[in-house]
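Q: Provided herewith is a single structure, encoded as structure tokens, for subsequent inquiry.
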Amino acid sequence: MLSRRQLLKTGVAGAALLGLARLAYGPITPDSLYAVPAQARFKVLDAESRTALAAIARVMLKGALPRDEAEYETALYQAVLGCDTAIAGLPMGVQAEVKELLALLNSRVTRRWVVGVGASWETASDEDIAHFLNRWRYSSFLLLRSGYQALHQIVFAAWYGNPQAWVGIGYDGPPKFMEGYWNA
């Protein structure tokens with residue numbers, strides 16, 4: 001059970017951490033390995049957030065993504081596009097919190113010292129990203145565990161909400177009803 005004192009300490013620590021992340025966040029425009037086609041229209045995610053989510057998704061979805069290189073890149077792009085759609089569907093307050101989390105992940109300072117990934121998201125190894133995810137998942141800090149859960153839920157909702165993923169798990173899709181069934 002979380003005491004009032006622990007809740008207040010966590011809130012203050014989280015606010016300070018997010019404030020530091022916002023101060024340290026600068027205009028970073030990396031040449032992304034996961035470049036987004038020009039015709040794609042993302043509603044919420046900027047280039048840095050798409051790059052971070054692509055790196056995180058490639059680790060979280062390891063084994064679920066296709067093995068063929070061309071299909072892999074398409075599937076990873078679809079997962080990031082799905083993340084954008086999932087985030088855009090959240091209430092505005094929750095969207096703001098997710099954007100703050102992504103700002104924390106994208107800041108050079110907080111990516112190194114809070115996230116534990118020293119390299120840019122484009123060059124970070126799968127092992128470094130997996131280590132970060134496990135640290136946050138099992139952290140004694142509620143704020144970090146909440147950050148992991150948010151990333152996990154967004155990535156998995158984006159991937160398994162995509163019909164392309166259904167083949168790999170043997171799901172035929174939602175049931176199809178006979179035409180006129182409801183009119184009978």
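Each reported figure results from applying straightforward, stated rules to the coordinates on display, with no laboratory input. Not measured: the values here are computed from a predicted model. Here the Cβ is made from the backbone with ideal geometry for all residues, glycine too, and neighbour counts use every protein chain on show.
Q: Given +1 on the Cβ of Lys and Arg, -1 on the Cβ of Asp and Glu, and no further charges, what dipole in debye does the stretch 90-160 carry about its Cα centre, rounded to the nearest 20?
A: Taking the Cα centre of the stretch 90-160 as origin, the dipole is about 200 debye.
Q: On full extension of the chain, what length is gained from His131 through Ala64, given 0.36 nm per residue of separation minus the C-alpha to C-alpha distance?
A: In short, 22.2 nm is gained.
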